[in-house]
1. Can you compute the FRET efficiency between ARG602 and GLU729 using 1/(1 + (r/R0)^6), with r the Cβ-Cβ distance and R0 = 22 Å? Round to the nearest 0.05.
2. Computed over the Cα atoms, what is the radius of gyration of region 535-607 divided by 2.2 N^0.38 Å, N being its residue count?
3. Any idea what the dipole of region 1-105 comes to, in debye rounded to 20, about its Cα centre with Lys/Arg Cβ at +1 and Asp/Glu Cβ at -1?
4. Would you kindly find the accessible area of ASP61, with a 1.4 Å probe and non-protein molecules such as ligands, DNA and RNA excluded, rounding to the nearest 10 Å²?
5. Using 7 Å Cα-to-Cβ label points, what is the HIS614/SER276 separation (nm, one decimal)?
6. In terms of modelled amide H atoms, which long-range or inter-chain residues lie less than 5 Å from the amide H of GLU27?
7. I'd like the projected area of region 194-256, averaged over all directions, using the convex hull of its alpha carbons. Report it in nm² with one decimal.
8. Could you calculate the contour length gain from GLU193 to GLU711, that is, 0.36 nm times the residue separation minus the distance between their Cα atoms, to one decimal place in nm?
Amino acid sequence: TENMDTVLLDPPLVALDKDAPVPYAGEICAFKIHGQEAPFEAEVLNRTSGEGVLRARGPIDCEQQKEYTFIIQAYDCGASPSGANWKKSHKAVVHIQVDDVNEFSPVFREPLYRATVTEGKIYDSILQVEAWDQDCSPQYSQICNYEIVTQDTPFAIDRNGNIRNTERLSYDKQQHYKIMVTAYDCGQKRAMESVPVHIDVKPVCKPGWQGWNKRLDYEPGTGSKQLFPKMHLETCDGPLSSVRAMVELQTSHIGKGCDRETYSEKSLQKLCGAASGSTDLLPAPSVSTNWTTSLLTDSGRDSDLIFRFDGRQAANIPEWVVPQNLTDQFTIATWMKHGPSPGLRAEKETLLCNSDKTEMNRHHYSLYVHNCRLVFLLRRDFIQLDSFRPAEFHWRLEQICDKEWHYYVINVEFPSVTLFVDGVTYEPYLVTDDWPIHPSEIDVQLTVGACWQGGEVTTPRFTQYFRGSLSGLTIRPGKIATQKVISCLQACKEGLDISSLESLGKGIKFHFNPAQSVLVMEADDLESINTAMTKVSYINSRQFPTPGLRKLHITTTVQCFGEDTCISIPDIKAMVMVLPPSEPRITIAGVERLVWPAAQLRAPVGVALFKDIHIISTVTKTDATLSIARRPGVLELMHNLDYCDVLVIGEELDLERESLEIHHSSLLGKHLDATNSTSGISIYGVDSMAHYEQAIRQVRYHNWKPGGLSERRFRLSCSELNGRYTSNEFNLEIGIVHSSEAVEHVNHMAVQSQYMRPVHHPLVVHTVNSDHISGTPPAATVVIVMCIAALVVIVVLGIYRIHTTHQDGSKEDEEGRKDPEMDWDDSNLNITVNPMEEVREEEPEEEEDEDEEDDELAGDLFSAESEDSDEEEETNIQKGKVKGKLEWDPSTLPY
């Protein structure tokens, strides 16, 4: 037996000598093995009986050698103890067979097995696995059994390793199986490692698109991303003449039909280059625009301001908001989502109506929906030459009642009226005439969502309620929206795209709809359409897109030679998941308290409130494509803002004594505009944070009657995407210093205040002695300086006149025509120079140009006139001191 040294001989090893029982000569002393260097040895157990034993010199390995054959001879002990004259026996042949031990486990010949099957078939054998064993004997080296280790699989295996399926496989149910198989040798020793078997299920050839994923994640800011990079069309080798595929991106549930910029309507119009002057009739509810507070808003729309009208809500537009200068040219624009009206005879549903407030029930102009028709009514005022004129303009369009968002623009160039729907022009199919309205003194009322009936009824009320959704309803007097502006206002920021047009080749034709939500492609061969489909991409150009699902729908038509359609391709429904963008944190920082003298507030320029304001935006996510500067843990982000409001905290502005304003020149070259009221000032428009900083720094506060006012507080806040992202509320407090204490107090503040930088002014101080200066109060010093300045001016003018007159007199003497009235009488007039003759000038510190305005705003102690006088005084003093007494005849000086 292998791995042992004992050898079992049959018959046993015995040698006999006929000299027995003679000592030595009749005894067996040794056995000797000859041949093949056999690893065995023989040993004598009993010399008298001649018994011996055969054993291995070391462990025998059956796998190296199964059998051994060699010759053995026996030797007697000779004639004497010395072993002399020994004799040997004849040669005997020994044949040894090594018995095997089951020491090895089965091993598979391949580390992995693969196979492919077609669905719906039962196979006798899908594939065969094979294992082997290193043991030397047939009992232990042969594989007697295979077993599938994986539970609950539709497969079985026989003793020869053949795997078959036990049921019909379905590609739709499962396309891939992985099973583990083990093996047993005939000694029932199991394989140490099971082998994996991969079985792919191939569908029965069904025409259709393959290799696409049902869902694609889109990361904001990644640009154009391929939707089906591995997609291909399977036609089961059918002959085809052309393929037409239509890819549709369904975004009707996002915002107003797709992902658009959600800025306010006025900001969007400014961004798109529309002329200013439009009136937003449905603004966001606020203190100043409170007529929309009672309306229903559609929340959760990414700050996209949408108002829902259910037939019970309407809003009266305040008279100060209503445009009063409507002429023969104006534009009405709105987003509308509307469905079929209930009932057989639907009532009018009014979007916008301008009617008599009392007494009568005349509609001057209105926009309403009636039986899925859009009607615009315009009744002109009567003039002497007026007669029947166009008054009602009707359009019948599918878009009006399809329950989808559309952008409507009505351009009025009376008597012509044109309708734009999603940028496409429509002329009215019906125009009816009517008499003009006779002028009257009756006030009118503009309403949204219904029409106001103020006359011919017992109680004035709303009628003809609107049922649907509106957004961005504006009216613009005297300006006609251009096709370019209309396209910009309704443009989608997401859509389908082709990532590489040049790679499509000449064999493909494609077409986008205007919104790029539908892409149609046609090709004559399979390879071209497959290449084209891998290039179809989704793109969203918004920096902060609306997150959520976008559905994809693909329909395909295949034409064969001589047939209309020969292969039916199932439609594909997939989706794009737009992931949420990293939300920016907008921070406003700057000085929160300033102190100003009342005199500075009374100055014509007022004071700048936010000179050192800074606006930054940060996100916690790191993205190198958007970064500008990195700080530990945060990433600074650059994006636009759409409005910043400076609000007065406390009492509103009293326009008779104070104002908060920004000069129009500060907004030039920017996409910005501003409006102000007693509540504050609002800067709006889609522009960069840097431009907003520049504009806000020019906001000035002016109070020409500060009276007993000791402080004023203001609050600054900014927004991006119409309030979707808002900044912190930055509060600024200004202190106002009154009376004569202002000089010392402001000087003290200028030097020591942590809120103001030191400001240095050139000062001219006239001294007699130090005691006099130290005892002079600040107010007296100002008076003295002003008096000296005035006196110096008079002296300079006098000297100039004397010099001029003296020259004229010299000329007359030379000509012999001297006038005795020009002789000076210097005995009656003395000019006394101020006793403070010694002038000490304090040199001003040089400051940078950018600090000049800070010097002006820091509360200068002297008026502009006194500063000019001081400069003149310094100039004259530097020229020299006035000496002696000057006398002249005042009658000769014509003042």
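1. Details: r = 29 Å, r/R0 = 1.32.
That gives a FRET efficiency of 0.15.
2. 2.70
3. Values: 9 positive and 17 negative charges, 140 e Å.
Once rounded to the nearest 20, the dipole reads 680 debye.
4. Accessible area of ASP61: about 50 Å².
5. Simple spin-label model gives 3.0 nm for this pair.
6. For GLU27, whose amide H was placed from the backbone, the distant partners under 5 Å are CYS77.
7. Values: hull surface 36.2 nm².
The number I arrive at for region 194-256 is 9.0 nm².
8. Values: separation 518, 0.36 × 518 = 186.48 nm, distance 8.67 nm.
Full extension from GLU193 to GLU711 adds 177.8 nm.
The values are calculated or read from the model by the stated rules, or taken from the named source; none is laboratory data. What you see is a predicted model, and the numbers here were worked out from it, not measured in a lab. Backbone-built Cβ (ideal geometry, glycine too); neighbour counts: all protein chains shown. Note: accessible area is taken over every heavy atom of the protein model, side chains too, but ligands, DNA and RNA are not part of it. Shrake-Rupley method; radii C 1.70, N 1.55, O 1.52, S 1.80 Å.
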